[in-house]
Every structure is written in structure tokens, then in C-alpha cells.
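Take a look at the structure set out below.
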Amino acid sequence: PTVSSIKPILDNTSKEKAAVLEALKQALRVCESCTGTDAVDPTELDPPLYRALSREENLLVSERMAMDDDFEVGWHGVKAVHLQCIEPGTWLNSDVINSWCNRLQAAVSEPSWQGLNVHIWHNFWWDKLDREGHRAMKRWTRKLNIFEKDRMIFPMNANNTHWYAGMVNFSTQTIHIYDSLCQSKNSHKREFQKIRQYLEEEAAAKGVSFNAGDWKYDCPVESTPQQQNGSDCGVFTCAFVWCCMHNLEKEMPFGQSTMKKLRRFIAFKVIDGFVIPEPQEGSDSDDDLVCLD
């Protein structure tokens, strides 16, 4: 139980029971403070994990979602049809997840960024590695030495049915997998071995010393927030990437109850600051836009 779950009972019970429940409520409040439930406010970090949108921001999201399906409305090629996945109960698609990750990578690349030295890949990194191996990805790091980073973070997809996230922690020589539907800590050993092999081959290409036996596998089922439905894995994955970026993977400040706000905020972030392209010469702008009253 939580403090919020006790309140409805207090409002509908006798004075005697209410006194007992009030004592329980106070005890729960103490427990929540001891376990650090409120230790991190995800809305205050830069960039924030999520926050409630203003009326204007919500209107912007709704306007972009209402445009013609093929109209480009956000960063990294996000179209209006892609934003439909933001609705509750819908699977997040790769276009929105990749735009989210690219925007986070842009944030950590800014001179003003004061956090960990991380590199965040889009979904195509794992997809390419899983299908074709390191040999097909040599050009991806032509101007990047991942071994100079503290962390490498990336979304992952299994058979186009489930999203989860991975992180390579170079400081601790650990490969972490964060899965919101994970049943066993051994569920992702195959991915661990594939990523470790990639690191070994990449180290050889860069002339970096690497001992595969020193690397550890971690899939923390107990401390990883778990989804309570079959549609939020992509939203959880976006949050996993953000938490790893902020060094908050041991105490992730989100859960199933935050999914609705997270979905809306993700939609806003992938369109925020993006200027709608002007209609090309000869096109009818009235056919390109949906007018909203």
C-alpha cells in the first residue's frame, strides 16, 4: 500500500478504524521517505523525464497529431501518423523512440551538459548488430571512440513485439539490460554475449586493450520498474534510456502510474522546436494541413 491508496479508505470508515488507518498512513509516509521514493524529482532534471504539459503545449501536440498522416511534424522524420502511437494502449513505434533517443543524444552533446559522458544510440544500432554483427557497423564509429565514454545506451527490440533497453558501463565493465517484462535475470544472456563480442571486435579495431572475461552481465529484475499491461514497453524503454543517462538506473523515478504523462511528454519533446516545412511550390497548402477551430 501507499499513502495515496489509504486516503479513500479514510474517507469511508468509522472513527475507530480511521484512527488506526491514519496511524498506518503516517507509518507509510515515514517508510516512503526512508526508501527514497521522493529522493529524485524527474521533472526538475535537464532534460526532464516528464512533466505535465501546459495548455499551449498540449494544443501543439493535438494539432500535430491531427495533420495529414504523411506530413512531417517532428524531429528526425517524425510524421503525424507516427504520433498516433502516443495514445494510451498503443505500442510506441520506432520512429518516436528513435527521435526521443536522438534528442537525448543532442542534449548530452551540448557544451552545457554537466552529466556523465555518454553516447545514446537509436534503435538501428542494436537491430544492425543483432542481424549482421560488428563487421557491418565499422563506419558507425569512424569518428567516435566509445571506449572514451562512461556509458553507451541504446533501445532494443525483440521480433517487433517488445522494447527494452541496454547499457554498457565502461567504468564497471558491466553490460546491463533493463526489461519491463523480464521474468528472470538470465533472460538476456544472448544479448549480453552479442554486445560483449561487439565490444571485443570494436576494441581490436581501435587498438584498445580488452579482456572479455572481465565483463559482467546484469539484468536487475527486482529493481527495474515493470509494466502492468501489454502496450507500454516502448514508453518504459524511453524512460530507461533517460535514467541511465542521468545515473538513476538504481532508483528509477517512474512506474506504471506515470505512463500517461510520459506518453504526452515524449510526443511534445519530439516536436518541440521543430518548424513545419513550408509547402513546396505548386502544392495546395489547404490540402496539406488540417484546420483546427
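Estimated from the Cβ-Cβ distance and a Förster radius of 25 angstrom, the FRET efficiency linking Phe210 and Ala136 is about 0.80.
Size estimate for region 170-212 follows the Kirkwood approach: the inverse of mean 1/r over distinct Cα pairs works out to 11.7 Å. Within the shell defined by Cβ-Cβ distances under 12 Å, the residues around Gln226 carry a net charge of -3, with Lys and Arg each +1 and Asp and Glu each -1.
Distance distribution P(r), region 129-219, all Cα-Cα pairs, bin width 10 angstrom from 0: 15, 51, 29, 5 percent. Name the shape class, rounded, prolate or oblate, that the alpha-carbon gyration tensor gives for region 184-277, where a ≥ b ≥ c are the square roots of its eigenvalues, rounded holds for a/c under 1.5, and otherwise prolate holds if a/b is larger than b/c and oblate otherwise. In terms of gyration-tensor shape, oblate.
Between Asn58 and Ser187, full extension at 0.36 nm per residue minus the direct alpha carbon distance yields a gain of 42.6 nm. Note that region 76-197 carries a Kirkwood radius of 15.7 Å, evaluated over its alpha carbons pair by pair.
Here region 133-186 yields Rg over Rh of 1.02, to two decimals, using C-alpha coordinates and the Kirkwood radius.
Shape class for region 76-145, computed from the alpha carbon gyration tensor (a ≥ b ≥ c): oblate, with a/c not under 1.5 and a/b at or below b/c.
Coupling constants for region 124-136 follow from the phi torsions by the Karplus curve (6.51 cos²θ - 1.76 cosθ + 1.60, θ = phi - 60°), and in residue order they are 5, 4, 5, 4, 5, 4, 5, 8, 10, x, 4, 4, 7 Hz; glycine and proline get x.
Only the coordinates and a few stated rules stand behind these numbers; no lab work does. Not measured: the values here are computed from a predicted model. Note: ideal-geometry Cβ built from the backbone for every residue, glycine included; neighbour counts use all protein chains shown.
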